[in-house]
Amino acid sequence: MHTGPAEAQRAADRLLGVLCKPYEPGDGTVFLSVSIGIARRTAGSDVPTLLRNADLALRYAKQRGKNRVEQYDIAYDQLLRRRTTLEHELRGAVDRGELHLVYQPVAEIPAVRPVGAEALLRWTHPRLGKVRPDEFIPLAEESGMIATLGSWVLHQACHQLALWRAAGHDVWVSVNVSPRELHAPEYVEQVAEALRAHRVPSQRLVLEVTEHTVATDLDELIKRLRALRAIGVRIALDDFGAGYSSLGQLRHLPIDILKIDHSLVAEQQSPAEGRSGRVFAPYVDVVMRLGHQLGLQVIAEGVTNQTEMTAVVEAGCRFGQGQLFGWGVPAEHLEALLESATSPGARAVPAVPRQIGGRADGGVGPAVNRTPDVEPVHPSHEVDQRNPTRGDQDVRSVDSAREMRQA
């Protein structure tokens, strides 16, 4: 039986519609993401080639945001070659000294005073240049290298935290944790060892997990988080509101900090009657009420402008993170911000970071081909260890190749 592209697409769409429906296995609701790849057999192609092409289409569907169907395109071969190169080069990146951390400040608002920072991993290759985190971190997860990278990040962040504390800055540092790391039996002891090695108070280290992590094996996750909290570290649930966890699950999670996803921060209403003309973010208001009831500290993520800060402050939020307060910067730059916070009358964090080039929001779209004085960071967080839209650079290259052939 021969199935044409149109028939295959319709069948895949029907399958997608069925599998993406939420279901309730017991306590809470589970949301699945489904990606489907389709490949056509062409003249001269064999079964292994057909399966390889279908797998490439599947990877492309995942990179474009999941919950979608993609048909194989020859441009995917370019993507595969780059992935193979990156995987090979990433294995030696730590030993070659190609990795480094930048730190994005978390500010107390509306005073805009830095109180903490999120450690973000960066890779600069001597030949490939700067490789995007949303390209190499998912690759590290898939290839089993994420534990090695995660351990390096943890120790580097704890070392920097110790230096800041020695300089008199009582801040905290957060580190992103992948599901693979979190479920490793030895992970809790690895964290405890890093704290001992660098002699930093455990409560000044925050480990961030995403809603995507919460959506898988909740009971085991709760055990892991309780064990981590038992050694004194704090746990943050990142990207809250992105669509995975339910409010019912949130009540059972042993967490300390709730980070509101930028999609909720950006959702605002016009000044309502009786609100004295103030901007109002309704979803942030709901999350703030929930956070206060559960005794959680709440941080608004991806705050990009003064209007958004005004809205989250109006909702009762005391902490913010995003472009408005600074992009990811080297440790010495953040230390300068911390120093300025102690100067009388000084504004600790710039309200609008000075930019020489690139996109103002630090996003993934086209940018001026110049280097900004501080490194842009996408407001939604790293990956996915975390849960970003992955592989945008590859997506753009594949789409460009398609357009060239069509022209």
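The values are calculated or read from the model by the stated rules, or taken from the named source; none is laboratory data. Source: prediction; values computed, not measured. Here Cβ is always computed from backbone atoms with ideal geometry, including for glycine, and neighbour counts include all displayed protein chains.
Remarks
- Filtered residues of the stretch 299-318 (kept if of a type in the set (Val, Ile, Thr) and surrounded by fewer than 24 Cβ atoms within 10 Å (Cβ to Cβ)): THR304, THR307, THR310, VAL313
- Test result for ALA57, surrounded by 13 or more Cβ atoms within 10 Å (Cβ to Cβ) and at pLDDT 80 or above: yes
- Selection within the stretch 203-216: residues that are outside any helix (DSSP H, G or I), of a type in the set (Val, Ile, Thr) and within 14 Å of the chain's Cα centre (by Cα). The member of this set that is modelled with the lowest pLDDT is THR210.
- Failed criterion for PRO105 (all others in (1) modelled with pLDDT of 80 or more; (2) outside any helix (DSSP H, G or I); (3) out of contact with any Pro (no Cβ under 6 Å at 6 or more places or on another chain) hold): (3)
- The helices (runs of 4 or more DSSP H) falling completely within the stretch 112-197 that include 3 or more residues that are under 18 Å from HIS333 (Cβ atoms) map to 146-166.
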